[in-house]
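Visitor: Quick one: this structure, given as structure tokens, is what I'll be asking you about.
The values are calculated or read from the model by the stated rules, or taken from the named source; none is laboratory data. Predicted model, so just to flag it, every value in this text is computed and none were measured. So basically every Cβ, Gly included, is an ideal-geometry build from the backbone, and we count neighbours across all protein chains shown.
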Amino acid sequence: MLKKAVWMLGALALSACVNSADLNDPAVPLGDFSLGHNVVVAPKVAKGPASREVPKDELTASIQAAMAERFDRYDGPKDYHFGLSVEAYVLAKPGIPVLLSPKSAMIVQLTVWDDALGAKLNTEPAQITVLEELSGQNVFGSGLLKTGDQQLQEMSRSVAKAVENYLVAQNAEYGWFTEDARIDTGEKPEPESR
């Protein structure tokens with residue numbers, strides 16, 4: 001049991017905690033990117049412990065709207081499509097401050113398609129985990145001061161920002177959204193021996 005708890009804490013520490021409050025700033029450069037299809041599904045979504053209930057259609061609609069809000073700002077000459085599957089979520093319920101203050105979190109899997117190539121840019125879906133943003137209101141968990149709708153909108157925007165961060169990293173590593181784009185096969189090259 002202790003081993004499992006330590007593993008879960010480690011996984012949470014490595015998760016993306018993002019600040020999505022940059023929508024009024026210029027979009028981060030992404031080459032020739034323009035958003036084509038924006039598909040969000042939740043066929044096997046799991047609701048975490050101590051979470052508010054969210055109907056699947058509201059969950060997917062909120063994330064789809066946040067993805068459009070962030071990525072419709074890009075007007076490159078080529079279309080790229082998103083396939084995003086919501087795997088799990090926690091929208092924190094009100095708890096006892098300090099003793100029991102759950103944090104909101106969401107896990108999604110993302111696949112990106114290049115329309116011109118007619119192929120996926122990542123052969124394996126990228127798993128992205130986000131935790132609620134830390135702020136004065138969220139120090140003890142957003143369940144205490146925010147409604148479920150507010151939490152869902154905040155988490156959806158955090159997912160969209162984490163996806164943008166992932167795309168920027170893929171652009172740097174694999175040349176995504178350029179003429180020299182390479183497909184991410186999920187395999188890491190062997191380190192060179194000297």
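Visitor: Could you list, ordered by first residue, the pairs with Cβ atoms under 9 Å in which the first is in the range 136-161 and of a type in the set (Asp, Glu) and the second is at pLDDT 90 or above and surrounded by fewer than 24 Cβ atoms within 10 Å (Cβ to Cβ), at least 6 apart or interchain?
Guide: ASP149/GLU58; ASP149/SER62
Visitor: Looking only at the range 136-194, count how many residues are modelled with pLDDT under 60, assigned to a loop (DSSP other than H, G, I, E, B) and surrounded by 12 or more Cβ atoms within 10 Å (Cβ to Cβ).
Guide: 5
Visitor: Name the residues in the range 54-79 that are of a type in the set (Ser, Thr, Tyr) and touching a helix residue (DSSP H, G or I) at 6+ places or on another chain (Cβ under 9 Å), would you?
Guide: Matches in the range 54-79: SER62 only.
Visitor: Please specify each residue of the range 35-91 satisfying the condition of being surrounded by fewer than 17 Cβ atoms within 10 Å (Cβ to Cβ), touching a residue at least 12 places away in the same chain (Cβ under 8 Å), assigned to a helix (DSSP H, G or I) and charged (D, E, K, R).
Guide: If the condition is that a residue be surrounded by fewer than 17 Cβ atoms within 10 Å (Cβ to Cβ), touching a residue at least 12 places away in the same chain (Cβ under 8 Å), assigned to a helix (DSSP H, G or I) and charged (D, E, K, R), then LYS56, GLU58, GLU69 are the ones that fit.
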